[in-house]
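Asker: Once you've had a glance at the structure underneath, I'll fire off some questions.
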Amino acid sequence: MGHMLSRPVLITGGGRRIGLALAHHFLTQQQPVILSYRTHYPAIDVMRRAGAVCIQADFAHDEGINAFAEAVKSHCTSLRAIIHNASGWQAESPSTPLSQVLNAMLQIHVHAPYLLNHALEGLLRGHGHAASDIIHFTDYVVERGSDKHIAYAASKAALDNMTRSFARKLAPEVKVNAIAPALVLFNEDDDAEYRQKALNKSLMKIAGGEKEIIDLVDYLLGSSYVTGRSFAVDGGRPLV
Ligand SMILES: NC(=O)C1=CN([C@@H]2O[C@H](COP(=O)(O)OP(=O)(O)OC[C@H]3O[C@@H](n4cnc5c(N)ncnc54)[C@H](OP(=O)(O)O)[C@@H]3O)[C@@H](O)[C@H]2O)C=CC1
Ligand SMILES: Nc1nc2c(c(=O)[nH]1)N=C([C@H](O)[C@@H](O)CO)CN2
């Protein structure tokens, strides 16, 4: 039995970028954190020293998801929130069988949230009206599709739909909402041409940055009323 945390926020994919920024934010607020990581970046050791419980997990197969759920239960008897951040942005490519792309996208964006929400429901309940939260990270492409990330967009659309299903199942103790970003962070290998093209796709012409997401997560956790909804963080992209 690991050391027991008091109502931690659970963040999947907390080893880098937005998930790591969220974990750091909550720890700074003295909010206990459990995070999953697949790759052991140096940041994981930093988070551990800061008090986070960091659990290695690969959600590529249901066995890994279910084992992670059991590991979470060994560290806490209740959860403040589950933030489903873990994701793969995989495009279709001639070198990868289509079934492999589709299975990978469904595994991380549908199997993981679906199985973890069911497995950990009991840890979210029992704390009163709107006392717990689930947040699904979807994507702007849920609205309009994507010609280059078809399986990715479809799996995020399924996650968007599950937001409403779990909101109906878990209210009023647990609120369930989605955050649908467009360009929040570039990837290191994004070249100047790609970056400029991507920036031009929104009205605001910037990448939103982690703080936009963190501030919205704080709002959702602080609400006693909002549930079953998706919140776009897209710089006005649909209006371009
Ligand atoms: N960045 C952006 O501009 C946008 C982001 N979003 C969404 O916001 C969320 C955060 O985005 P971002 O920080 O860029 O995400 P990243 O792609 O940078 O990180 C995703 C995390 O998920 C983990 N992960 C991937 N596959 C698996 C798996 N099979 N099992 C366990 N963990 C896995 C990764 O682990 P590892 O490091 O080991 O690969 C990584 O830590 C995502 O859901 C994303 O889809 C949506 C639109 C735009
Ligand atoms: N898991 C991820 N999903 C997405 C990423 C990412 O880096 N990891 N990035 C994007 C892009 O920023 C896209 O929104 C640009 O138009 C989408 N999803």
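The values are calculated or read from the model by the stated rules, or taken from the named source; none is laboratory data. Since the structure is predicted, the reported quantities are computational estimates derived from the model, not experimental observations. Here the Cβ is made from the backbone with ideal geometry for all residues, glycine too, and neighbour counts use every protein chain on show.
Asker: Going through region 89-110 one residue at a time, which ones are of a type outside the set (A, V, I, L, M, F, W, C) and in a loop (DSSP other than H, G, I, E, B)?
Answerer: Gln90, Glu92, Ser93, Pro94, Ser95, Thr96, Pro97
Asker: Output the number of residues of region 147-179 satisfying the condition of being surrounded by fewer than 21 Cβ atoms within 10 Å (Cβ to Cβ) and either of a type in the set (Ser, Thr, Tyr) or in contact with a strand residue (DSSP E or B) (Cβ under 7 Å, 6 or more places away or on another chain) (or both).
Answerer: Of the residues in that region, 5 qualify.
Asker: Then there is this: What helices (runs of 4 or more DSSP H) lie completely within region 119-211 and have 3 or more residues being over 21 Å from Ser93 (Cα atoms)?
Answerer: 150-170, 192-199
Asker: Kindly list the number of the only condition in (1) within 16 Å of ligand 1 (Cβ to nearest atom); (2) touching a strand residue (DSSP E or B) at 6+ places or on another chain (Cβ under 9 Å); (3) over 20 Å from Ser78 (Cα atoms); (4) hydrophobic (A, V, I, L, M, F, W, C) that fails for Ala50.
Answerer: Evaluating Ala50 over (1) within 16 Å of ligand 1 (Cβ to nearest atom); (2) touching a strand residue (DSSP E or B) at 6+ places or on another chain (Cβ under 9 Å); (3) over 20 Å from Ser78 (Cα atoms); (4) hydrophobic (A, V, I, L, M, F, W, C) leaves (1) as the failure.
Asker: Go through Leu10, Leu22 for me and flag whichever is on the phi < 0 side of the Ramachandran plot, crowded, with 16+ Cβ neighbours inside 10 Å, in a strand (DSSP E or B) and modelled with pLDDT of 95 or more.
Answerer: It is Leu10.
Asker: Something else about it: Quick check on this structure: which one of Ala158, Ala151, Ala171 is closer than 23 Å to Thr227 by Cα and either within 15 Å of ligand 1 (Cβ to nearest atom) or touching a Leu at 6+ places or on another chain (Cβ under 8 Å) (or both)?
Answerer: Ala158
Asker: Are any residues in region 44-56 touching a residue at least 24 places away in the same chain (Cβ under 8 Å) and either touching an Asp or Glu at 6+ places or on another chain (Cβ under 8 Å) or surrounded by 18 or more Cβ atoms within 10 Å (Cβ to Cβ) (or both), and if so, which ones?
Answerer: Ile44, Met47, Ala52, Val53, Cys54
Asker: Restricting to region 1-35, give me the number of residues that are polar (S, T, N, Q) and touching a residue at least 40 places away in the same chain (Cβ under 8 Å).
Answerer: Looking only at that region, the number is 3.
Asker: All but one of (1) within 10 Å of ligand 2 (Cβ to nearest atom); (2) in contact with a His (Cβ under 7 Å, 6 or more places away or on another chain) hold for Pro172, so report the exception by its number.
Answerer: (1) is the only condition that Pro172 fails.
Asker: State all residues of region 5-29 that are in contact with a Gly (Cβ under 8 Å, 6 or more places away or on another chain), farther than 16 Å from Lys73 by Cβ and among the β-branched types (Val, Ile, Thr); if no residue qualifies, say none.
Answerer: Ile11, the sole residue that qualifies.
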